[in-house]
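Notes follow once the structure below has been shown.
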Amino acid sequence: MPNRTALITGITGQDGSYLAELLAQKGYRIFGLVRRLSTPNMSHLAAVRDSVEILDGDLMDQGSLNQAVRQAAPDEVYNLAAQSFVATSFAQPLLTGEVTGLGALRLLEAVRLHAPQARVYQASSSEMFGHVRTEPQDESTAFHPRSPYGVAKVYAYWASVNYREAYSMFVSNGILFNHESPRRGMEFVTRKITDTVARIALGQAKTLTLGNLDAKRDWGYAPEYVEFMWRILQHRTPDDFVGATGESHTVREFVEVAFRCAGIDDGSKRVVSDARFQRPSEVFNLRGNPAKAARELHWTPSTKFEQIVRIMVDADLARLRAQGRR
């Protein structure tokens, strides 16, 4: 089989960088779409920087997406770019809708016009389920988003289904539940926890301030989830799949494990709850059913919850120690 070409939006983020590494190992020619900033952060791409061709583009600019798709002429397109922080979506709902919702539509239109045979992966989210009434959630569970981010992702999901049905395009949704790694952004609660716990262990901080400690999430390991994305686009037909572990844990459990991994015995005394970090409308219990992915894609995550927390805490400890030696 000749080498294939992939276009990845959001390539500098957690998922985009792990996906780029996976595709590089498989011999893909890789194009990455990056918003033109004064100093783009390419740190996550260090391992594959020479294998990635960067294109300027913005999900809010149709012309730049058209140009990027024409230039890349991709066999596969992975739309991972979004305004993906739920708290920010409440503060900036219109921006979130433009980027996360309409941005996906603009990319679909660019592919329809300039690479209609390309296979498209849309990064959908468990936040679309929101106020859930059944557990676990699978591909048939009704959506009831509880944030502007979740609403925008629902729009992008149905736009993807519509382009699949209206234009016979190969467009698939991966409905991914939370997935973490040392590359997770500092604004996300999991990385805030592991970074702060590492700082407490090294005497650089005294307390960890959080919002709702009782929210439950299905947490997986990001490098395994990019393999899931790739498998979706290798499937014989376009379809939608839930990516999850099938287990859920509270934020409180995540905190307890993080302190234990850092060797801190009195961690619970160092946690401060602050209502400012509560969402206006909370999502309490997300737990996915990955049975369809296991059956049809032969994909099953293997890294367990406590392993993920330990990987993140160890990485933050190593990073902070290295910074201290400079």
Among E76, E53, which is the only one that is crowded, with 17+ Cβ neighbours inside 10 Å, under 21 Å from L22 (Cα atoms) and of a type in the set (D, E, K, R)? E76
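Tell me, please, whether a residue that is farther than 24 Å from K269 by Cβ, in contact with a Lys or Arg (Cβ under 6 Å, 6 or more places away or on another chain) and in a helix (DSSP H, G or I) can be found in the range 224-232. Show your work before the answer.
Residues of the range 224-232 farther than 24 Å from K269 by Cβ: 224-232.
Checking the rest, the ones that are also in contact with a Lys or Arg (Cβ under 6 Å, 6 or more places away or on another chain) come to none.
The answer is no, given that none of the residues of the range 224-232 is farther than 24 Å from K269 by Cβ, in contact with a Lys or Arg (Cβ under 6 Å, 6 or more places away or on another chain) and in a helix (DSSP H, G or I).
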Among the listed residues V120, V154, which satisfies the condition of being over 19 Å from S248 (Cα atoms), part of a helix (DSSP H, G or I) and of a type in the set (A, V, I, L, M, F, W, C)? V154
Scan the range 290-308 residue by residue and report those that are loosely packed, with under 14 Cβ neighbours inside 10 Å and in contact (Cβ under 8 Å) with a residue 40 or more places away in the chain. H298, S302, Q307
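So how many residues does the range 3-38 have that are charged (D, E, K, R) and within 15 Å of L65 (Cα to Cα)? Walk me through it before giving the result.
Looking only at the range 3-38, we keep the residues that are charged (D, E, K, R), and these are 4, 15, 21, 26, 29, 35-36.
With the extra rule that they be within 15 Å of L65 (Cα to Cα), the set shrinks to 35-36.
Selection size over the range 3-38: 2.
Given the residues L202, L213, which is the only one that is surrounded by fewer than 21 Cβ atoms within 10 Å (Cβ to Cβ), modelled with pLDDT of 95 or more, under 28 Å from F259 (Cα atoms) and hydrophobic (A, V, I, L, M, F, W, C)?
Of L202, L213, the one residue that is surrounded by fewer than 21 Cβ atoms within 10 Å (Cβ to Cβ), modelled with pLDDT of 95 or more, under 28 Å from F259 (Cα atoms) and hydrophobic (A, V, I, L, M, F, W, C) is L202.
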If you take the residues in the range 164-188 that are hydroxyl-bearing (S, T, Y) and either crowded, with 23+ Cβ neighbours inside 10 Å or under 16 Å from the mean Cα position of the chain (by Cα) (or both), which one is farthest from Y225 (Cα to Cα)? S172
Starting from the range 103-124, take each residue that is assigned by TED's automatic domain parsing to the domain that holds I30 and list its partners that are assigned to a helix (DSSP H, G or I) and modelled with pLDDT under 95, counting only C-beta distances under 8 angstrom and pairs at least six apart or across chains. none
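The values are calculated or read from the model by the stated rules, or taken from the named source; none is laboratory data. Nothing here was measured: the structure is a model prediction, and the numbers come from that model. Note: ideal-geometry Cβ built from the backbone for every residue, glycine included; neighbour counts use all protein chains shown.
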